[in-house]
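**Q** Right, I'll just put the structure down here and ask away after.
The values are calculated or read from the model by the stated rules, or taken from the named source; none is laboratory data. Small disclaimer: the values here were computed from a predicted structure and weren't measured. Quick reminder, even Gly has a Cβ in these numbers, built from the backbone with ideal geometry, and neighbours come from all protein chains shown. All accessible areas refer to the heavy atoms of the entire protein, side chains included, with ligands and DNA or RNA removed. Shrake-Rupley method; radii C 1.70, N 1.55, O 1.52, S 1.80 Å.
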Amino acid sequence: MTRKLATIRTIEEIKPIEGADAIEAARVDGWWVVIKKGEYEVGATVVYLEIDSWVPQELAPFLVKGAIPREYNGVKGERLRTVKLRGQISQGLILPLYNYWPTAAAMQAYHGTRPYDPDETHFDVSEVLGIQKWEPEVSASMRGTIRGNFPSWLRKTDQERIQNCYKDVSKKFDLFWVAEEKLDGSSMTVGAMGDELHVCSRNLSIKLDDTENTFVKTAMSTNAISALRSYGKNIALSGELIGPGIQGNKYALTNHQWHIFDIYDVDAARYMTPVEREGVLSELMMMHGLEVHAVPYVTGCSLNGMTVDDLLKHAEGESALNRKTQREGIVWKCLDGGDLSFKAISNAWLIKNKE
């Protein structure tokens, strides 16, 4: 799933900010954004840019605030972060639709003959506006020797944020859900299909003979490669790799750990349920020598009546791996809903880590 960083949306609510005369807060879906007072009205169609967007300087020069613009992937601009203004969380940027609407030629080049459909949910204009996803720099030990792109027969793990999908997933809140801690590391996948086996970062497959690469080292030290070969079924293990040299090693570990959060059934083209995953992990560990960790379990319950704000507040708390560390958030998975899942990232964590 490609993240839609710049989309056409509707302002659904505007509220005042206590003690603020010049600004107020506007809500698009589950996101709150601080705006100039009186600039927009409820029901207005706007361009919304999510946090993690790298915004070109010419699109929003006011983001630079008079400083020398930074550069990312050859583009001068600024990254959108979670901020707090006058006590109000602000996530993203709202721009007037018709001030930033691309030319007809640009839209045709991007979308072909498909015109803008006002009824389409979150119509994506990221590419045509030049919006990139900001990613932290990867260390040399993590980059590795690239074998190729992420295999097409696998699926990348990337749950949608609750702010974007609440209207859809809340229809299933009467079912049973399980919550797992979202760890702050690097996504790692080891997958097998027949004789083909891949060790992957989030986006790329790495050559198996690059034994200096952290992903390959971990796949070997956890016996993941030998375990999948002896298991003989077409599956992929996906998890968060954490430890020294990864995202500041927030859990203060002395060695690398791989915590499995998903198992993908290649033949069925679906993720296993948490119960199925637990069974396969147990078999791989007991019968095939796999040495990994399961992602920390938080709770299980129905989500009936829970709002976006409730879920974001529930995402806050201490990490199961280190009580001195805030957890990044929670990934919720429905036991009865197939691949139905979403993530709630802690705003307290975002503010503290300036993400």
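**Q** Go through segment 311-334 and count every residue that is touching a residue at least 24 places away in the same chain (Cβ under 8 Å) and surrounded by fewer than 15 Cβ atoms within 10 Å (Cβ to Cβ).
**A** The qualifying residues number 2.
**Q** Then there is this: List every residue pair whose Cβ atoms lie under 6 Å apart, where the two residues are 6 or more positions apart in sequence or sit on different chains, the first residue falls within segment 133-159 and is polar (S, T, N, Q), and the second residue, located anywhere, is assigned to a loop (DSSP other than H, G, I, E, B).
**A** SER139/GLY245; THR145/LYS207; THR145/ASP210
**Q** Name, by its number, the condition in (1) free of Cβ contacts under 8 Å to residues at least 12 places away in the same chain; (2) surrounded by 13 or more Cβ atoms within 10 Å (Cβ to Cβ); (3) of a type in the set (S, T, N, Q) that does not hold for THR254.
**A** If we test THR254 against (1) free of Cβ contacts under 8 Å to residues at least 12 places away in the same chain; (2) surrounded by 13 or more Cβ atoms within 10 Å (Cβ to Cβ); (3) of a type in the set (S, T, N, Q), just (2) comes out false.
**Q** Can we say LYS15 is over 30 Å from SER152 (Cβ atoms) and basic (Lys, Arg)?
**A** So LYS15 passes the test.
**Q** Another question, if that's okay. Within segment 156-168, work out how many residues are closer than 20 Å to PHE123 by Cβ and surrounded by 16 or more Cβ atoms within 10 Å (Cβ to Cβ).
**A** 6
**Q** Return yes when ILE351 is open to solvent by less than 20 Å² (accessible area, probe 1.4 Å), β-branched (Val, Ile, Thr), within 17 Å of the chain's Cα centre (by Cα) and on the phi < 0 side of the Ramachandran plot and no when it is not.
**A** Here the answer is no, as ILE351 does not meet what is asked.
**Q** Could you tell me which residue of segment 186-200 is farthest from the chain's Cα centre (by Cα), considering only residues that are touching a residue at least 60 places away in the same chain (Cβ under 8 Å) and open to solvent by 10 Å² or more (accessible area, probe 1.4 Å)?
**A** MET193
**Q** Restricting attention to segment 45-71, and to residues there that are of a type in the set (A, V, I, L, M) and open to solvent by 30 Å² or more (accessible area, probe 1.4 Å), which single residue is nearest to the chain's Cα centre (by Cα)?
**A** Going through the qualifying residues, I end up with LEU63.
Residue-wise test of (1) in a strand (DSSP E or B); (2) modelled with pLDDT of 95 or more; (3) open to solvent by less than 70 Å² (accessible area, probe 1.4 Å).
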residue: ILE263; (1), (2), (3): yes, yes, yes
residue: VAL275; (1), (2), (3): no, no, no
residue: LEU281; (1), (2), (3): no, yes, yes
residue: LEU284; (1), (2), (3): no, yes, yes
residue: GLY289; (1), (2), (3): no, yes, yes
residue: CYS301; (1), (2), (3): yes, no, yes
residue: MET306; (1), (2), (3): no, yes, yes
residue: ASP309; (1), (2), (3): no, yes, no
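**Q** Also, I was wondering about something else. Could you list, in sequence order, all residues of segment 44-74 that are under 23 Å from PRO16 (Cα atoms) and either at pLDDT 95 or above or among the hydroxyl-bearing types (Ser, Thr, Tyr) (or both)?
**A** Answer for segment 44-74, where residues must be under 23 Å from PRO16 (Cα atoms) and either at pLDDT 95 or above or among the hydroxyl-bearing types (Ser, Thr, Tyr) (or both): THR45, TYR48, LEU49, GLU50, ILE51.
**Q** Which residue is surrounded by the fewest Cβ atoms within 10 Å (Cβ to Cβ), if the candidates are limited to segment 1-40 and must be aliphatic (A, V, I, L, M) and within 20 Å of LYS313 (Cα to Cα)?
**A** ILE17
**Q** Next up: What pairs come out if I take residues in segment 41-70 that are basic (Lys, Arg) and pair them with residues that are open to solvent by less than 50 Å² (accessible area, probe 1.4 Å) whose C-beta lies under 9 Å away, six or more apart or interchain?
**A** That search, which allows pairs on different chains as well, returns LYS65/GLU78; ARG70/VAL64; ARG70/GLY77; ARG70/GLU78; ARG70/ARG79.
**Q** Has segment 216-236 got any residue that is touching a Lys or Arg at 6+ places or on another chain (Cβ under 9 Å), more than 21 Å from ASP195 (Cα to Cα) and of a type outside the set (D, E, K, R)?
**A** Taking every residue of segment 216-236 in turn, none turns out to be touching a Lys or Arg at 6+ places or on another chain (Cβ under 9 Å), more than 21 Å from ASP195 (Cα to Cα) and of a type outside the set (D, E, K, R).
**Q** Suppose the filter is open to solvent by 10 Å² or more (accessible area, probe 1.4 Å) and part of a helix (DSSP H, G or I); does LYS233 pass it?
**A** It is false that LYS233 is open to solvent by 10 Å² or more (accessible area, probe 1.4 Å) and part of a helix (DSSP H, G or I).
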